[in-house]
Amino acid sequence: MINSLPDWLDPYKWMHLTESSDLNAIEAAIYSKNPTIRELALLLSPSAKTFIEPMAQRAKYLTQRYFGKTISLYSPLYLSNYCNGGCVYCGIAADRRADRLVLNNKQLSKEIEELSASGIDEIVLLTGERMPEADVDYLENAIKLSSKKISSINIEVFPMLENEYRILANAGCTGVTLYQETYDPIVYEKMHRWGDKRDFYNRLHAPERALKGGLRTIGLGALLGLANPVFDMLCLYNHANYILKNFWQSGISISFPRIKPQLGEFRANFPVNELMLSQYIFALRICLPTVPLLLSTRESATIRDGLAGLGISKMSVASKTTVGGYSSNIEKSTEQFEISDNRDIKMFCNALRRKNLEAVFKNYDSIYREPVLYEKKSKK
Amino acid sequence: MKIKLNGENHNHSGNGSIKSLLDELKLNKDHAAVMLNGKIVPQENWKTQMINENDEVEVLVFVGGG
Amino acid sequence: MSDILSFDDISFKSRLLVGTGKFSSIKTMISSIKASKTELVTVALKRFNKAKTEDDLYGPLLELENITLMPNTSGAMNAKEAIRAALLGRELSKSRFVKLEIHPNPHHLLPDPIETYEAAVELAKQDFLVLPYIPADPVLAKRLEDIGCAAVMPLGAPIGSGQGLTTKEMIQIIIKESNIPVIVDAGIRSPSEAAQSMEMGCEAVLINSAIAAAENPTKMADAFQQSVKAGRLAFKAGLMPSTETAIASSPLTSFLSSYD
């Protein structure tokens, strides 16, 4: 493997522990008072599967301690599926046949109405790669429009410049989600065939630009299945800590998007099954106890119900991944990924309640908020 | 001339420079920090900086402290 | 590979900082400083007293080798006074270091966070290496780091109280989040507490009363020198993991049984 990763990110020193069969060390890692990357590496090893139940118990205990018995809910809203990108694993890449659509103001208002009426008060606005149809000014407008009815707006779009993030922060955007997809530069290059997204480092440093630009939170993640998932999880941990160390006033969350082995045309080279997914979630909860962990409707109802509260503290609900999916009369467009959990809000909240978990729709109000300003550090 | 030195009255009988005041106090040249009427007088100006009647001078030295 | 404590371009081999207050005599103070092998020593400023010239430390301290003087701002009640004290101290010491301490209450001598922050902003602008003495407050520590302090010095317990690391949990948080050296100052009574601070990840400790008020200060200074070294060595060697106890409840992962 080419060691072209920055020092703060590269987990090569710990990879050997991910092959560990030292059951005592693994068990001790579960209950560590101050877990570090060392404990994470042990907990990610295949041998740790033996301890999946105690890991779940510990994950549940820690999630309750820091998040209470609650699950935050949000919904994705696809603004546009226009894309000039070449991601091998994505259904709406530029060379794939797809019905393309971008929401105009009227359509967006309708979508927001529908979501707001259903009780949703936090959304993620999504687009493809940077396109003239949906560039920064389009996003600025969409954020302003959405924030009239929705308390917390996040975006999951293309990486941009610090001053562009600032425009969006001033418009009322709270956070940015940006998955590195994989931290393995070689796999990354293979997966992103052309376009801006090929720039690995530009994407890697975008979350920092977002925070410097005044956004309050960033969401990280790796697409499980693209490369060695244990490597990606270790990098994800290092990335999270790097942000925490350098942006002490900012929030960060971690998601677990997964290429599901049995569905879709793209086959994962490193399939991650449900047991491994659960193991990774428990491991990250144990080693990053205060970081929100997210699970989407890509996963089945059984898995979502099982993992809610066991590390997972935030979930999307009643998602539509087509552009204009929430309103009934917008023309058809191609979805980005298939949804497995189709339950509506009421059904999902009942399921949570049966697990003694309360659904939280609103965590935050933008009414008294200003973009975060980091003091310019004096010369060092 | 009459001046206030460290909050008390003092009669200076030197040539009126900070240096001569310190000599009068038998203070080794490097061992003090001096304020004249609330402003710090750097060491290099001690020979040339003059004191006038009724000026307030503070002479400080290092003592033990945590 | 050497383990150096550095501030900008200034480095120290010793991680034990020593204060010069409360010693019974200058002779004892000097021999304690020598035994401690310290390279950074704090001093205070006071009006020259022509009746008590033996108070003046400057001469004796200058004779020591390898010592950098760090004037403190004790006596200052607010930022303005502390800034003036720092400027005066720099005149004398010719070093960039200043221990910023503002404690308006003479009974417990606890630091004023607001005046300290304001003074630190100004002193950092004037190119001092500011080492502020602060309550063990993690957010205050980050704010001071942001405006350019060279280190932060959270207290373990009130000055001279010898109560040890009463603020241990907070200091651990500060260490975890800090990008600049964390130096425990005040409250340490015994060499084991100094070692414990170093094991936690402090870059140095500042000791005064524990040495000056010991029965044999010189020997105590030597003990501290050894314990600081041991604690640092232990920190670098990596203490074995400590664990919490498990709490069991009904099984949680049966939902996975259909998947594997």
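FYI, it's all coordinate maths here, none of it is from the lab. Model, not experiment: these values are computed from the prediction. Positions of Cβ are generated from backbone atoms using ideal geometry, with glycine treated the same way; all protein chains shown enter the neighbour counts.
Tabulated values for the structure
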| item | result |
| --- | --- |
| Loop-located chymotrypsin sites (Phe, Trp or Tyr not before Pro) in region A:1-75, at most 14 other Cβ atoms within 10 Å (DSSP) | A:TRP8 |
| Per-residue average of Cβ from other chains inside 10 Å of A:277-288 | 1 |
| DSSP beta bridge pairing in region C:1-119, given as percent antiparallel to the nearest 5 | 30 |
| Mean separation of Cα contacts under 8 Å, 6 or more apart, over the residue count of region A:159-213: relative contact order % | 61 |
| Dimensions (Å) - region A:159-302, Cα atoms, principal axes, largest first | 42, 37, 26 |
| Rel. contact order, % - alpha carbon contacts under 8 angstrom, at least six apart, region C:70-112 | 44 |
| For the protein assembly as shown, convex hull volume per residue from C-alpha positions, Å³ | 184 |
| Cβ-placed point charges (K, R +1; D, E -1), dipole of the protein assembly as shown about Cα centre in debye, nearest 20 | 520 |
| Integer Hz, Karplus 6.51/-1.76/1.60 couplings in order for region A:130-141, x for Gly and Pro | 4, 10, x, 5, 8, 9, 4, 5, 4, 5, 4, 5 |
| Choice from A:VAL360, A:VAL176, A:VAL323 with maximal GNM fluctuation in chain A (Cα, 10 Å cutoff) | A:VAL360 |
| Fewest-first ranking of C:SER32, C:SER95, C:SER25, using other Cβ atoms within 10 Å as the exposure measure | C:SER25, C:SER95, C:SER32 |
| Efficiency of FRET from Cβ geometry, C:SER192 and A:TRP194, R₀ 60 Å, rounded to 0.05 | 0.45 |
| Partner lysines for C:LYS34 [C-alpha distance under 19 Å; skip if fewer than 8 residues away on the same chain] | C:LYS13, C:LYS22, C:LYS219, C:LYS229 |
| Where no second cysteine Cβ lies under 4.7 Å, the cysteines concerned in chain A | A:CYS83, A:CYS173, A:CYS235, A:CYS287, A:CYS349 |
| Region C:73-179: Rg to Rh, with Rh as the Kirkwood radius over Cα pairs | 0.96 |
| Mean residue ellipticity (222 nm) of chain A, computed from DSSP H runs ≥ 4 via -39,500 (n - 2.57), nearest 500 | -11000 deg cm²/dmol |
| GluC sites (Glu not before Pro) restricted to region A:186-294 and DSSP loop, no more than 10 other C-beta within 10 Å | A:GLU265 |
| Longest to shortest principal axis, alpha-carbon extents of region C:98-238, angstrom | 39, 37, 27 |
| Separation of the A:LYS148 and A:GLU358 label points, Cα + 7 Å toward Cβ, nm | 3.2 |
| Trypsin sites (Lys or Arg not before Pro) restricted to DSSP loop in region C:29-110 with at most 16 other C-beta within 10 Å | C:LYS50, C:LYS52, C:LYS94 |
| Diffusion constant of chain A at 25 °C, which comes from Stokes-Einstein with the Kirkwood Cα-pair radius and 0.890 mPa s, µm²/s | 116 |
| Whole-Å distance, taken between Cα centres, linking region A:4-39 and chain B | 63 |
| Fraction in percent of alpha-carbon pairs per bin - 5 Å, chain C | 1, 6, 13, 17, 19, 17, 11, 5, 3, 2, 2, 2, 1, 1, 1, 0, 0, 0 |
| Measure of compaction for region B:2-60 (Cα Rg per 2.2 N^0.38 Å) | 0.96 |
| Whichever lysines have a C-alpha closer than 19 Å to that of A:LYS33, once near sequence neighbours (fewer than 8 apart) are set aside | A:LYS60, C:LYS168, C:LYS176, C:LYS236 |
| Of all DSSP beta bridges in region C:5-259, antiparallel share, percent nearest 5 | 15 |
| Exposed GluC sites (Glu not before Pro) absent: longest stretch of chain C, with sites in DSSP loops and at most 12 other Cβ within 10 Å deemed exposed | C:66-214 |
| For residues of A:300-310, the mean tally of beta carbons on other chains within 10 Å | 2 |
| Area projected by the alpha carbon convex hull of region A:82-198, averaged over all directions, nm² | 7.7 |
| Selection from A:THR217, A:GLY128, A:LEU161 lying farthest towards where the dipole of region A:126-219 points positive, charges on Cβ | A:THR217 |
| Vicinal HN-Hα couplings computed from phi for region C:178-187 (Karplus, 6.51 cos²θ - 1.76 cosθ + 1.60; Hz; Gly/Pro x) | 8, 9, 10, x, 10, 10, 6, 9, 5, x |
| Which of C:PHE128, C:LEU62, A:GLY311, positive extreme of dipole for the protein assembly as shown (C-beta unit charges) | A:GLY311 |
| Structure-based [θ]222 nm, chain C - -39500 (n - 2.57) summed over DSSP H runs of at least 4, per residue, nearest 500 | -11500 deg cm²/dmol |
| Cα-based shape type of region A:1-114, given that a ≥ b ≥ c are square roots of the gyration tensor eigenvalues and the cut on a/c is 1.5 | oblate |
| In Hz, Karplus ³J(HN,Hα) per residue of region B:53-60 (6.51, -1.76, 1.60; θ = phi - 60°; x = Gly, Pro) | 3, 6, 5, 9, 10, 10, 10, 10 |
| Cα-based reach from B:LYS47 at 28 Å (exclusive), listing lysines while leaving out same-chain residues under 8 positions away | B:LYS2, B:LYS4, B:LYS19, B:LYS26, B:LYS29, B:LYS39, C:LYS46, C:LYS50, C:LYS52, C:LYS94 |
| Order by protection proxy (mean Cβ within 10 Å, highest first), peptides A:194-201, A:52-59 | A:52-59, A:194-201 |
| Evaluated at q = 0.23, 0.24, 0.27 Å⁻¹: base-10 log I(q)/I(0), Debye formula over Cα of region A:69-127 | -0.93, -0.96, -1.07 |
| Residue mean of other protein chain beta carbons inside 10 Å, A:52-62 | 4 |
